[in-house]
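Undergrad: Attaching a single structure in C-alpha cells format; questions to follow.
The values are calculated or read from the model by the stated rules, or taken from the named source; none is laboratory data. Because the structure is a prediction, the values reported are computed rather than measured. In this analysis, Cβ positions are derived from the backbone assuming ideal geometry, glycine residues included, and neighbour counts consider all displayed protein chains. Quick note on the areas: whole protein, heavy atoms, side chains included, nothing else; ligands and nucleic acids left out. Shrake-Rupley method; radii C 1.70, N 1.55, O 1.52, S 1.80 Å.
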Amino acid sequence: MRRFTLPPEPRAGGRITFDAGESRHLARVLRLRPGDTVIATDGAGRDYTVRLESVGETATGTVIAEAAGVAASPLAITLIQGVPKGDKMEAIVRAATELGVARVRPALCERTIVRLEASRWRERARRWQRVAREAAKQCGRAVIPEVETPRPLAEWLALGEQADLALCLWEGGGTPLATVLAAAVAPRSVVLVIGPEGGLAATEVEAARAQGFTVASLGPRILRTETAGPALVAIVQSRFGDLG
C-alpha cells in the first residue's frame, strides 16, 4: 500500500490532514480518489491506515487503523558529516536514512568549501530534512531521522563523550576499523565523524580524539566523502544494529 508522511500535528480526533506536498502527490501524481486507502506515518514510530475523504489542494482522511511502524534499529547512530559541495549532502542523507541512522549533524569543517549565511544554511537543512522524509517513506521507515542545521565541527564533537562508541574516520591514519569494532562491547549509541572533500585537518582529528573519539581507518583506499559516511554506517549497522 502507498505510504505518505504526516506533518507534526496531523490529527484532529480520527481525522488526518496531509500537507501541501503530500496532497499534491496524492491528487496530481497518483490520482487517488475519495475512498482509497493509504498508509501515513507520523515520523515518530506510528503508522495509520487512512481512508481518503477529500483529495485536492488539501487532502484529508479518516484513520481506520493504527499500529506501531517498523521498529527502529536498536543502534542509535548519529552521523556527523562534513558538508560537501553541490548536492552530495542530499545523497548522503538519503543513503544514511535508508541505512537506519537516527540523526544527521552537518558539520562546517576547516576544509568545507561551501560558505553561506546562517539563513541559507537553514534553507539547506530544511531541504535535507525533506530528503530524509522522502527516503524514510520510500524505504518503509516509521521514524524519520533528524537533520540539523550545520554547525562548526567543534560544537558537534561533544556528542562523542555521550556515546557508547565514537569513531572519527580519517584517511591520514588511525586504528584499523576491524580492530576497533572487535573491541567494542555491544554499543547502543554510536557517533561517527566524516570529513568533507579533502578530509579533516589534523587539528580537527586531535580535537575529536580529545572528545573521546577513536580515530579509525577503513583501509588502503581513500573514499569520497559521499561514499565514506554511508559505508561506515552500513558496517556499524551490520555489526551492531539490524542490517542483515
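Undergrad: Tell me yes or no: at least one residue of region 95-117 is at pLDDT 90 or above, touching a strand residue (DSSP E or B) at 6+ places or on another chain (Cβ under 7 Å), open to solvent by 20 Å² or more (accessible area, probe 1.4 Å) and closer than 30 Å to residue 32 by Cα.
TA: Among the residues of region 95-117, not one is at pLDDT 90 or above, touching a strand residue (DSSP E or B) at 6+ places or on another chain (Cβ under 7 Å), open to solvent by 20 Å² or more (accessible area, probe 1.4 Å) and closer than 30 Å to residue 32 by Cα, which makes the answer no.
Undergrad: Do we have any residue at all in region 104-123 that's part of a loop (DSSP other than H, G, I, E, B), acidic (Asp, Glu) and free of Cβ contacts under 8 Å to residues at least 24 places away in the same chain?
TA: Within region 104-123, one or more residues are part of a loop (DSSP other than H, G, I, E, B), acidic (Asp, Glu) and free of Cβ contacts under 8 Å to residues at least 24 places away in the same chain.
Undergrad: State whether one or more residues within region 67-85 are open to solvent by 60 Å² or more (accessible area, probe 1.4 Å), among the aliphatic types (A, V, I, L, M) and under 30 Å from residue 35 (Cβ atoms).
TA: Yes, region 67-85 contains a residue that is open to solvent by 60 Å² or more (accessible area, probe 1.4 Å), among the aliphatic types (A, V, I, L, M) and under 30 Å from residue 35 (Cβ atoms).
Undergrad: For region 145-176, name all the residues that are at pLDDT below 95 and open to solvent by less than 40 Å² (accessible area, probe 1.4 Å).
TA: Answer for region 145-176, where residues must be at pLDDT below 95 and open to solvent by less than 40 Å² (accessible area, probe 1.4 Å): 145, 160, 173.
Undergrad: May I pose another question? Among the numbered conditions (1) within 20 Å of residue 76 (Cα to Cα); (2) open to solvent by less than 40 Å² (accessible area, probe 1.4 Å), tell me where residue 186 comes up short.
TA: (2)
Residues are listed down the side, and each one gets a yes or a no for (1) closer than 22 Å to residue 115 by Cα; (2) open to solvent by 20 Å² or more (accessible area, probe 1.4 Å); (3) touching a Leu at 6+ places or on another chain (Cβ under 8 Å):
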site	(1), (2), (3)
193	yes, no, yes
198	yes, yes, no
202	yes, yes, no
205	yes, no, no
220	no, yes, no
224	yes, yes, no
240	no, yes, yes
244	no, yes, no
